[in-house]
Amino acid sequence: MKPTTSPKTYKVKSFGCQMNVYDGERMAEMLGEQGIVPAPEGEDADLVVLNTCHIREKAAEKVYSDIGRISKAGAEAGKQPLIAVAGCVAQAEGEEIMARAPAVSMVVGPQAYHRLPEMLDKAVKGERATDTDMPAIAKFAALPERRRTAPASFLTVQEGCDKFCTYCVVPYTRGAEISRPYSDLVTEAKKLVDAGAKEITLLGQNVSAWSGENEKGHPVGLAGLIRDLAKVDGLARIRYTTSHPADMDDELIAAHGEIDKLMPFLHLPVQAGSDRVLKAMNRSHTAESYLKLLDGFRAARPDLALSGDFIVGFPGETDAEFEETLALVDEVGYAQAFSFKYSPRPGTPAATMDGQVPKVVMDERLQRLQAALNRDQLAFNKNTVGRGCEVLVERKGKHPGQWLGKSPWLQSVWFEGRAQIGDLVQVDLVEAGPNSLAGKLREAVAA
Ligand code: 5AD
Ligand code: SF4
């Protein structure tokens with residue numbers, strides 16, 4: 001590869017989960033420290049970071065088509081950008097990327113991206129570099145301080161997963177469970193608030209497994225961390241995601257009833273409604289134990305909005321077993337949910353299991369499941385019409401004078417009137433669609 005000049009502009013493109021969004025922001029901050037600025041909207045960047053997702057085959061394949069598209073555009077413009085592949089595809093297929101895509105000069109895994117600046121120095125000299133080491137937690141200490149952020153920010157508190165669900169690549173791409181230290185998290189949360197955050201979502205592949213020691217040296221779990229973060233002045237809302245049913249303890253359930261700043265929303269993936277399928281998935285919960293857990297959360301916080309993840313067509317799933325998933329959906333009444341067709345991932349036990357389900361069957365099941373989930377989402381939204389609630393304004397809406405934000409139940413709400421990004425405003429919910437609600441801004445009452 002030919003030597004090139006140092007990049008002046010960058011673009012970080014994150015795919016997949018919220019943790020990738022967080023990692024993308026941290027990489028952007030690091031590039032900023034190097035004096036590289038974001039490429040203006042619509043313009044080509046000198047450095048493109050593809051922050052990839054490996055969770056399903058479609059997501060993983062996207063990286064190669066993106067690389068092809070970027071190099072083609074570079075060839076047409078007579079100027080090839082530097083390309084870095086980061087994220088979980090980098091971790092899982094680093095060598096393959098280097099072999100398959102000569103246009104890529106850097107491959108950096110999710111635990112190694114703090115070393116991106118060194119790799120960039122090499123890339124500028126025409127050397128290609130791969131770094132997919134997994135040093136425990138070293139990354140965070142090496143990253144620059146948080147100085148800029150959105151009103152609704154992410155904060156990674158935990159990474160990795162020890163659960164080894166048989167379909168999932170995460171334990172391989174993100175490694176073993178690691179909790180970031182308590183004091184680092186309190187510090188980062190305060191910095192985010194100083195930088196303008198009003199809401200923080202605590203992130204982890206298995207966030208409820210977070211554990212640490214508070215400043216007195218006492219062991220604390222996620223509930224204790226949330227309790228202490230709720231004391232941070234200026235922080236108005238706390239959320240967390242994603243949880244595994246096996247790690248939800250009584251303290252966390254109680255926290256939902258006791259901490260006002262903890263929003264009434266819970267994302268708790270169930271994946272399937274059949275106990276046989278759940279066992280084959282190595283999920284360690286049954287449909288019944290999951291429903292019982294939700295009862296506990298709902299008792300603590302009756303207006304809790306529920307969200308989940310589902311996989312249809314896991315190997316061996318029969319029609320009758322799929323019906324059990326639909327029955328569970330009917331029973332729960334989710335406010336929103338994510339659903340996917342099973343995608344065999346190399347190296348995972350389920351990829352070689354007997355009874356792989358034909359695509360047409362998966363298509364049909366997904367359609368039926370999504371119809372049920374969409375029905376419930378609309379019903380949930382309609383149920384909130386007539387209520388007044390606080391909305392955190394996150395951005396301008398499509399039309400002039402329109403604003404878009406989130407309700408406590410994570411619904412998108414738009415309204416018109418005097419407001420600005422970062423405001424927490426009182427809104428009456430007046431009309432519900434499947435994906436958003438219309439609100440009416442309440443006039444501010446003079447103090
Ligand atoms: N195929 C389909 N969906 C998957 N997920 C994880 N692995 C796979 C796979 N191999 C889904 C699960 C998980 C969400 C993040 O992605 O539902 O909760
Ligand atoms: Fe994957 Fe299961 Fe861990 Fe979630 S809990 S990241 S689905 S292995």
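The values are calculated or read from the model by the stated rules, or taken from the named source; none is laboratory data. Model, not experiment: these values are computed from the prediction. For neighbour counting, all protein chains shown are included, and Cβ atoms are generated from backbone atoms with ideal geometry for every residue, glycine included.
So the values come out like this:
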read-out: Selected residue (only one of Phe340, Phe314 is in a loop (DSSP other than H, G, I, E, B), within 16 Å of ligand 2 (Cβ to nearest atom) and touching a helix residue (DSSP H, G or I) at 6+ places or on another chain (Cβ under 9 Å)); value: Phe314
read-out: Candidate set from the stretch 343-366 (those that are assigned to a helix (DSSP H, G or I) and not charged (D, E, K, R)); member that is farthest from ligand 1 (Cβ to nearest atom); value: Val360
read-out: Selection within the stretch 291-311 - of a type outside the set (Gly, Ala, Ser) and either assigned to a helix (DSSP H, G or I) or in contact with a strand residue (DSSP E or B) (Cβ under 8 Å, 6 or more places away or on another chain) (or both); value: Leu291, Lys292, Leu293, Leu294, Asp295, Phe297, Arg298, Leu304, Leu306, Asp309, Phe310, Ile311
read-out: Residues located in the stretch 68-91, provided they are surrounded by fewer than 21 Cβ atoms within 10 Å (Cβ to Cβ) and either hydroxyl-bearing (Ser, Thr, Tyr) or under 21 Å from Asp133 (Cα atoms) (or both); value: Ser71
read-out: Which numbered condition Asp330 misses (of (1) buried (at least 20 other Cβ atoms within 10 Å of the Cβ); (2) not assigned by TED's automatic domain parsing to the domain that holds Val413); value: (1)
read-out: Breaking point among (1) buried (at least 20 other Cβ atoms within 10 Å of the Cβ); (2) within 22 Å of Ala255 (Cβ to Cβ), for Glu213; value: (1)
read-out: Residue within the stretch 39-62 that is at pLDDT below 90 and hydrophobic (A, V, I, L, M, F, W, C) present; value: yes
read-out: Selection status of Ala152, within 16 Å of ligand 1 (Cβ to nearest atom), of a type outside the set (Phe, Trp, Tyr), closer than 30 Å to Gln271 by Cβ and modelled with pLDDT of 95 or more; value: no
read-out: Test result for Ala335, closer than 30 Å to Glu251 by Cα, more than 11 Å from ligand 1 (Cβ to nearest atom), modelled with pLDDT of 95 or more and crowded, with 22+ Cβ neighbours inside 10 Å; value: yes
read-out: From the options Thr166, Thr187, residue that is modelled with pLDDT of 95 or more and under 30 Å from Ile311 (Cβ atoms); value: Thr166
read-out: Qualifying position, being near ligand 2 (Cβ under 10 Å from one of its atoms) and among the aliphatic types (A, V, I, L, M), among Val170, Val157; value: Val170
read-out: Only listed residue being of a type outside the set (S, T, N, Q) and within 16 Å of ligand 1 (Cβ to nearest atom), chosen from Val124, Val157, Val169, Val186; value: Val169
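Here is a yes/no grid of residues against (1) more than 16 Å from ligand 1 (Cβ to nearest atom); (2) under 20 Å from the mean Cα position of the chain (by Cα); (3) touching a residue at least 12 places away in the same chain (Cβ under 8 Å):
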| position | (1), (2), (3) |
| --- | --- |
| Leu203 | no, yes, yes |
| Ser208 | no, yes, yes |
| His218 | yes, no, no |
| Phe265 | yes, yes, yes |
| Leu268 | no, yes, yes |
| Val277 | no, no, yes |
| Asn282 | no, no, yes |
| Thr286 | yes, no, no |
| Pro302 | yes, no, no |
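So that you can scan it fast, the table gives a plain yes or no per residue for (1) in contact (Cβ under 8 Å) with a residue 60 or more places away in the chain; (2) not in a helix (DSSP H, G or I):
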| site | (1), (2) |
| --- | --- |
| Tyr22 | yes, no |
| Gly42 | no, yes |
| Ile55 | yes, yes |
| Ile67 | no, no |
| Gln91 | yes, no |
| Glu95 | no, no |
